[in-house]
Amino acid sequence: MKKSAFIKRLIITLLLLVAAGGMLHAANVTVPKIALSVNPAENPKDVAATIQIVLLLTVLTLAPAILMLMTSFTRIVIVLSFLRQALGSQQIPPNQILIGLALFMTFFLMRPVGTEIYDKAWKPYSENKITLDKAVDEAVKPVRQFMFKQTREKDLALFIYLSKSPRPKNPNDVPTTVLIPAFVISELKTAFTVGFIIYVPFLIIDMVVASTLMSMGMMMLPPVMISLPFKILLFILVDGWHLLSRALIVSF
């Protein structure tokens with residue numbers, strides 16, 4: 001019966017599609033056609049435009065890595081993950097919520113950098129006041145300045161040594177390829193430091209609950225089941241989301 005019902009529904013659907021096609025044809029409705037073609041370049045400008053499109057597509061593929069590793073996203077998402085682990089709430093908040101919150105906090109923190117890039121790079125370039133190379137240089141400057149503020153000298157010196165680059169005389173002499181990994185490991189250290197500080201009060205609650213259950217002889221009862229409500233209550237009483245958000249933003 002189920003098979004025959006499925007066949008009937010399939011036949012009815014096909015008939016409806018055929019009828020709809022006939023109605024479109026009768027009404028002289030034109031359907032747009034999309035055509036993709038590759039034609040030989042006729043002048044150097046066409047070649048330059050093609051190269052720019054290829055470079056743009058390459059940058060778009062690297063956009064997620066740029067967002068994660070050259071902004072405040074790394075520190076924020078790691079600290080939020082540490083918080084969830086410290087609470088012991090497993091998948092609450094879900095990954096989508098943590099990543100979304102980290103993204104919007106990143107946009108909030110990086111807004112001055114984006115505004116400077118727009119004013120000094122994109123707007124003059126769109127008005128044909130500067131060249132593409134000049135626009136790229138102007139766009140990279142505020143990002144480098146942001147990364148320099150958050151990068152430790154020890155980490156920067158490490159990658160300068162590993163790259164066998166000459167000792168820079170000023171920040172402008174530091175290559176961006178050296179600055180990015182130094183910035184990332186500095187962010188990781190800072191995020192793990194904040195995560196450790198977050199862990200301490202929740203770890204104390206776990207130890208107190210475990211000791212209490214052991215002294216009462218309740219060996220078979222998981223301490224996490226008892227400590228989780230107390231940790232959530234503590235986090236609510238101290239207004240944890242407010243404190244954590246403020247600490248993360250001020251840290252930059």
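Which percent of the accessible heavy-atom area of region 170-252 goes to carbon and sulfur, probe 1.4 angstrom? Don't jump to the answer; show the numbers that get you there.
Working: 4120 of 5280 Å².
Carbon and sulfur: 78 percent of the exposed surface of region 170-252.
Over 26 Å between C-alpha atoms is what I'm after, so list which of LYS123/LYS164; LYS123/LYS169; LYS129/LYS149; LYS120/LYS189; LYS149/LYS169; LYS123/LYS189 land there. Intermediate results must be reported in sequence, preceding the final value.
On the way: LYS123/LYS164 37 Å; LYS123/LYS169 32 Å; LYS129/LYS149 30 Å; LYS120/LYS189 32 Å; LYS149/LYS169 17 Å; LYS123/LYS189 36 Å.
Flagged as over cut-off: LYS123/LYS164; LYS123/LYS169; LYS129/LYS149; LYS120/LYS189; LYS123/LYS189.
Sorted from largest down, what three extents in whole angstroms do the Cα atoms of region 124-252 have along their principal axes?
Here the spans come out as 75, 39, 21 Å, largest first.
Treat region 141-203 as a sphere of radius equal to its Kirkwood radius over Cα pairs and apply Stokes-Einstein at 4 °C in a medium of 1.567 mPa s; give the translational diffusion coefficient in µm²/s, rounded to a whole number.
Numbers: Rh = 12.7 Å.
For these conditions, the coefficient is 102 µm²/s.
What whole number of Å gives the distance from the Cα centroid of region 169-224 to the Cα centroid of region 237-252?
16
Which order do the peptides 195-208, 173-186, 67-80 come out in when sorted by mean C-beta neighbours inside 10 angstrom, highest first? Working shown, then result.
On the way: 195-208: 14.9, 173-186: 17.4, 67-80: 21.2.
My ranking of the peptides, most packed first, is 67-80, 173-186, 195-208.
Amide H to amide H under 5 Å from ILE130: which residues, 5+ apart in sequence or cross-chain, H placed 1.01 Å off N in plane?
TYR125
Using just the alpha carbons, could you tell me how many Å³ per residue the convex hull of region 57-154 encloses?
Output value, Cα hull per residue: 127 Å³.
Given C-alpha coordinates of region 100-174, what is the ratio Rg to Rh with the Kirkwood estimate of Rh?
Details: Rg = 15.4 Å, Rh = 14.4 Å.
Across region 100-174, the Cα-based Rg/Rh ratio is 1.07.
The values are calculated or read from the model by the stated rules, or taken from the named source; none is laboratory data. None of the values given here were measured: they were computed from a predicted structure. Virtual Cβ from ideal backbone geometry, glycine too; neighbours counted across all protein chains shown. The protein model used for the area step is the full one, side chains on, heavy atoms only, and it has no ligands, DNA or RNA in it. Shrake-Rupley method; radii C 1.70, N 1.55, O 1.52, S 1.80 Å.
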